[in-house]
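Q: A single structure is presented below for examination.
The values are calculated or read from the model by the stated rules, or taken from the named source; none is laboratory data. All values derive from a computational prediction rather than experimental measurement. Here the Cβ positions follow ideal geometry from the backbone for every residue, glycine too, while neighbour counts run over all protein chains shown.
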């Protein structure tokens, strides 16, 4: 591939690569803005967005889609807590009452109760301003974390205009926040272990992101980080119990977790196009439930082995973090395309390396566009995520295994800034 691209004049480490990233950044930004405007023009005719309460488009979805759950959670913080929303019928009956539209699609409350400790202010605002503030504040937090995590200011447009950003905004999801928490935790892992652990503890609001973190931390002996994360998580759980009662956690386990399992195994429609896991991709191509779980088991075992292999020894930190993030998406059966905003940081972190080849650039860009590509290829039942992510992970392992790669302590970022 490198020779082929070299024949047509592509220079991986030169100005050609920089122009490629620049052109794709502009193209992605223009495409996604046009897509968003097209949605508002074609699907919201006769359904003008309301200011105070959510309004519904022609397909039965609230503007901001999943942000409706966040807003409802914020409203519940001062009206008895979220336990009532754990029941599907009760929750959707309340949504229909508030929206005043019985055609609204069913929503599922899927977040751990301690999320309300952070989202309650949004429930105090009218819906549309709350949605705009949620997206703007989340993006700002994500860009700040990316800058503190090693990127220069001139790199931030590539992060801000990535397809994953627009997918996250369209669905009103929390991918910006979870990305910022994970980036902050990883890049502070050596310099500020207590802060790192605190951020990892807060990340338990999206527990699938932390499934492999104990492996990374234990393999590298980050015991202070583990202790800080544990104390933070326990404190958050305790505060939630004091606010809403200890039974909120029992209700969550009893009602929400079975709903999550049902969505994973029996969900359909757009949801299947948005989940990147091996399990769902196997279902998309028509495999049975048993076969799909077997495929996921293989993917999870390989992801676990990748992390163990990577962090057993001192290796290049940027490549190691990139592999860890990729392994996280391969390990869990419940990872969605809006969670892939995180890859914007990874791609830009790697693009300035002097050892990149044309293959590395092309794979990085494939990951960069994957959140949107999943929706397009999914319609044709092509499991693009399970083609791109394992290939990207394999390439990262190959680069880490090369003897000429400097053995740097994993976790010591090549460039780190602290907010003023």
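Q: Within the stretch 374-394, can you find the residues that are without any contact (Cβ under 8 Å) to a residue 60 or more places away in the chain, surrounded by fewer than 20 Cβ atoms within 10 Å (Cβ to Cβ) and part of a helix (DSSP H, G or I)?
A: Within the stretch 374-394, 376, 377, 387, 391, 394 qualify.
Q: Filter the stretch 268-291 for residues that are more than 21 Å from residue 340 (Cβ to Cβ) and in contact (Cβ under 8 Å) with a residue 24 or more places away in the chain; which is surrounded by the most Cβ atoms within 10 Å (Cβ to Cβ)? Working first, answer last.
A: Quick first cut of the stretch 268-291, residues more than 21 Å from residue 340 (Cβ to Cβ) only: 268, 286-291.
If we keep only those that are in contact (Cβ under 8 Å) with a residue 24 or more places away in the chain as well, we get 286, 289.
Details: 286: 9, 289: 12.
Only one residue tops the list, namely 289.
Q: Can I ask one more? Out of 131, 91, I need the residue that is free of Cβ contacts under 8 Å to residues at least 40 places away in the same chain and assigned to a helix (DSSP H, G or I). Which one?
A: 91
Q: So for the stretch 180-192 (the condition being assigned to a helix (DSSP H, G or I), over 22 Å from residue 332 (Cβ atoms) and free of Cβ contacts under 8 Å to residues at least 40 places away in the same chain), does at least one residue qualify?
A: no
Q: Which one of these is over 30 Å from residue 245 (Cβ atoms) and modelled with pLDDT of 70 or more: 87, 101, 57?
A: 57 is the lone residue from the list that is over 30 Å from residue 245 (Cβ atoms) and modelled with pLDDT of 70 or more.
Q: Mind listing just one residue for me: the one in the stretch 207-221 that is in contact (Cβ under 8 Å) with a residue 40 or more places away in the chain and under 22 Å from residue 70 (Cβ atoms) and, of those, surrounded by the fewest Cβ atoms within 10 Å (Cβ to Cβ)?
A: 207
Q: Of the conditions (1) closer than 19 Å to residue 321 by Cα; (2) modelled with pLDDT of 90 or more; (3) in a loop (DSSP other than H, G, I, E, B), residue 412 clears all except one; give me its number.
A: (2)
Q: I've got another one for you. Could you please find all residues in the stretch 5-54 being at pLDDT 65 or above, touching a helix residue (DSSP H, G or I) at 6+ places or on another chain (Cβ under 9 Å) and farther than 21 Å from residue 161 by Cα?
A: Passing the criteria: 50, 51, 52, 53, 54.
Q: If residue 294 satisfies all but one of (1) surrounded by 15 or more Cβ atoms within 10 Å (Cβ to Cβ); (2) without any contact (Cβ under 8 Å) to a residue 12 or more places away in the chain; (3) under 15 Å from residue 398 (Cα atoms), what's the number of the condition it fails?
A: (3)
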